[in-house]
Structures are given as C-alpha cells and as structure tokens.
Amino acid sequence: MSSSPDQTAPSDAPTRRRMPVPDGTIPVGLALLVAGTATFAFFRIGTVAVGGEDAFTPIVSLWFATFALAPGFFLPLEQELGRALAHRRAIGDGSAPVVRKVAKLSAVLVAVILLVILAASPLIARSYFDGDWLMVVALMATFAAFAPAHLARGICSGSGRFREYALIMGSDGVIRIILTIVLAIIGIKAAGAYGMVIAISPLFAVGYVWRRGALAPFPRRRLAAGVDVPAGDVPIEAGDDDVLDEGSPAEWNEVTPNLGWLLLGSVFAAALLNAGPITATLLASDNEADFVTQFSFGVLLARIPLFLFQAVQAALLPGLSRLAARGELVEFRAGLLRLAYLVIVVGIVGTAGAFILGPLAADLVYDVDLSGRTLAMLALASSVYMLALALGQAVIALKGHALVALGWGFGLATFVLVTWLSSDELFRRIEFGLLFSSVAAFVAFAIALQRRLASGVVPDQGSVIEATAPLE
C-alpha cells in the first residue's frame, strides 16, 4: 500500500503542473476580445452616425437593457443545453430530443417576455425610451433574436464545435459595426434603425453556422461488436446493425435540473453588471440625457479589464474546474488563488490607470469629459465584480448553483439599497451602488466557496460546463 503513491507520483506530477488548456478556450478567448473591442467601436461610430450624444441616448438605453436581461434569461438555457448534449455525447446517445426540448422551452420563455414587454410598453416607451416606440419594437426584436443565438451556442459547446461557438460570439459585434457604417453612409439618423441593428446582428452568424451544418444534432450510432469508434462518433450498444437514429426521448429533468437557480443567478448577475447606465437613464432629469450617454461611455471604458479578464478566464477556469473534477482540490485551491491574485493585480492597475489616464482616454475615444474620480470608482467596482464573477463560477463548478443565485441576489439588493440611500448626486450614488454591490456579492461567494471546499464536494462534467459559459 505504501508503494502505490511513489509509483504513481512521477506520472501524475507533470500532468498536475502542466494543467493543459481545454479544447476551445483559445478561440473563445479571442472571440471575447473581438466582442469587447467591437462594443467600443459601435458606441463611437453610432454616436457620430446619429448626430451626437443626445440622439444616441435611446440606443445606449436599449443596449444596456438588452444585455441586462437577454443573456440573463437565455444564458442558462445555453448552459443546460451544452451540459445535456455533452452528457449524451459521452454516453453515445443522440441529441435531437434534447435540442427540441430546450427549443420549446426557449420559445415559451420568449413568448412570456414579449408579452410582458408588450403589456408594459406604454411605461417603457415613456419612462425609458423618452417616447420612442420604435425602440420598444427593437427591444422585443432583440429578445427574439438572442434566443436562437444562445441556443446555437449551446449546441456548439455541447457538441465540441468550439470554432463555431467562437464565430457566433465574436462576429455579432463585427456585423453590428458593418451595418452601422452602412446606415451612416446611407444617411439614416433615426435611433430606431440602429436599435434594430442591435437586434438582428446575432442572427447572421447563426444562419451561417446553420448552413454549414454545425447546428445539426448528432445522431445516436449503433455499431457492430468489435468496431473501433473514431473520435467524435457516438456509439451505443454493440451488436445491433448499423443504423442511425436521433436518440432516446428526453425528459424535462434532463434539461432543467439546475435551470431555476441558473436562471435566477444569471438574471441577477447580468442586471448588476448593467445596472449603472439603466439606473442613470431612469433617474436622470430631462436635461441630463447627454450625461447619461457620457456615464455609459465611462462604464464601457471601466470594463476594459473585465473584457480582458473574461478572455483569460476562458482559458483558465475550465482547467481549474477539471482539476476539481479529478479530485485534485489542493491544486484547484492553488490555481484559484493564482487567478484571484491576477484579478487583484489587474484591478489595481485598471483603477490607477482609470484615475490617471481615464479622462484622456474618454476624451480621445468618445470625445466626452469624465473625471478621474468617476472613472476610478467605476473601474474599482468592475474589478471587484471580476473577482466575484470568478468565485461565483468556481462555486457553480462545485455544485453551488443556489448559493450563486442567492449571492448575486444579495449583490443586486445591495445596489438598490445603497443607490437609494447613499447620496443625492446622480452619478455618485450609482458609483457607490456598483462598488458596494460587487463587494457584497464577492463576500457571499467567498463564504460559499470556503464552505463548498470544506465539505469535500467534487464537481461533475455538467457543473464544469455550467461554470465556464462566459457572461456577456
């Protein structure tokens, strides 16, 4: 018994030190960088195209409302679809029943959301879009378009088609910029037209990937006994004749075991990420529309470290999760600690850079006047949010879905409370709200992670997949 560790240590040690990058993380990381860069370009080009910050304000409002809600509702469906398909792929079962099940669920969810928006449309148009009904239509179109985009991403991730996954994620922003330039050349200045660009841009890559066959469900394959199975095939019981079918029927519990908690946590996290500009839109007076747009530009600039972090995290977190899945919790803790150190360093550099160089960058990139204090506060809040996001995804990998949902909910409640009570100055109260809410979520996840690790929970493949889907 005592000789066993000595015999296995030499072969295990290199693997533990190396922690190979999982398949697909490089293209996904690059796609995140492209998407982040395209966001900055869209805001700059769009502001010029519509004729100034005041005219661009409804588009800013649409943007942050979209990314506060659409990924929050549809990212969990993507996560659960990817998890279920990966499981079927591993056991040799076909995917079509699962895809149909999640597609039905997605259609119901879209219908419910559109009905809610339609019922509240007079209030939304008057209070949020300054009477622009076309922006309400664009908001509804955006929700309808993001659903198939996230379903396509779920199919690609669960089927191991990571290049197509990255294409869908990264090309959205590029297509949005191209369409914006086309509208600007034509001379269209109506904000609603650019709002529709936000709505339809995800569908181009989905159509392209679908035409290439990358979204076709993989079948269940029955092979004769003794036949070797090439990588990527999905065999089941040996001894049957060679036929292809779509797979065994899917029950609802196959695609929804964690959907409720994932949905709740995802909506809270996305809402908190975009709460600043949305709150500024709702609380600003009639003569502060240009200030709302300027504040939104500041939020985007403060998120530069977050965009970079998510690209790096796309490569690091799957490897950490696999360490935990193999039961190597000591290495998992060490890797997570290194990731936390990286976030802290990036946060310090980003906050200092925002304070010193942020005003110059805001002037050069967006031609707006923002103080170093405002940009530093936004960057600090974004840095703490990064740390909370990393810990939250680690908790999900350790099957703490409910704890993550409650943590993001605690953070969102903190934002509402602090924004309400902290100050009478519009921007300052929002800055305080963003910072303290991120701190609250971070503390909640730190406590949850410590307890999950202490309890000896070991993740499975499903929880690892759910933990590594990037938040928009």
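Data table
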item: Condition check for Ala334: modelled with pLDDT of 85 or more, in a helix (DSSP H, G or I) and more than 23 Å from the chain's Cα centre (by Cα); result: no
item: Flag if Arg126 is surrounded by fewer than 16 Cβ atoms within 10 Å (Cβ to Cβ) and within 29 Å of Leu283 (Cα to Cα); result: yes
item: Within segment 401-451, considering residues that are under 18 Å from the mean Cα position of the chain (by Cα) and not hydrophobic (A, V, I, L, M, F, W, C), the one farthest from Ala269 (Cα to Cα); result: His401
item: Count - residues of segment 128-155 that are touching a Pro at 6+ places or on another chain (Cβ under 6 Å) and more than 28 Å from Leu167 (Cβ to Cβ); result: 3
item: Subset tally (residues that are over 30 Å from Ala440 (Cβ atoms), assigned to a helix (DSSP H, G or I) and either of a type in the set (A, V, I, L, M, F, W, C) or at pLDDT below 80 (or both)) for segment 220-273; result: 2
item: Test for Val112: is it under 30 Å from Ala284 (Cα atoms), out of contact with any helix residue (DSSP H, G or I) (no Cβ under 8 Å at 6 or more places or on another chain) and free of Cβ contacts under 8 Å to residues at least 60 places away in the same chain; result: yes
item: Any pair with Cβ under 7 angstrom, 6 or more apart, that starts in segment 376-403 at a residue that is free of Cβ contacts under 8 Å to residues at least 40 places away in the same chain and ends at one that is surrounded by fewer than 24 Cβ atoms within 10 Å (Cβ to Cβ) and in a helix (DSSP H, G or I); result: Ala376/Thr351; Ala376/Phe355
item: Residues of segment 98-123 satisfying the condition of being among the charged types (D, E, K, R) and crowded, with 17+ Cβ neighbours inside 10 Å; result: Lys101
item: Condition broken by Leu203, with the remaining ones in (1) modelled with pLDDT of 90 or more; (2) part of a loop (DSSP other than H, G, I, E, B); (3) aliphatic (A, V, I, L, M) satisfied; result: (2)
item: Tally of residues being more than 23 Å from Phe309 (Cα to Cα) and among the aromatic types (Phe, Trp, Tyr) across segment 391-414; result: 1
item: Cβ-Cβ under 6 Å pairs, at least 6 apart or on other chains, segment 40-67 side farther than 16 Å from Asp172 by Cα, far side of a type in the set (Lys, Arg); result: Val50/Lys189; Gly51/Lys189
item: Matching residues in segment 47-62 - criterion: being closer than 18 Å to Leu370 by Cβ and in a helix (DSSP H, G or I); result: Thr47, Glu53, Asp54, Phe56, Thr57, Val60
item: Subset of segment 261-296 [closer than 19 Å to Ser106 by Cα and without any contact (Cβ under 8 Å) to a residue 60 or more places away in the chain]; result: none
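The values are calculated or read from the model by the stated rules, or taken from the named source; none is laboratory data. In this text the structure is predicted, and so the values were computed from the model without any measurement. A quick note on method: Cβ atoms are made from the backbone with ideal geometry, for glycine too, and the neighbour counts reach across all protein chains shown.
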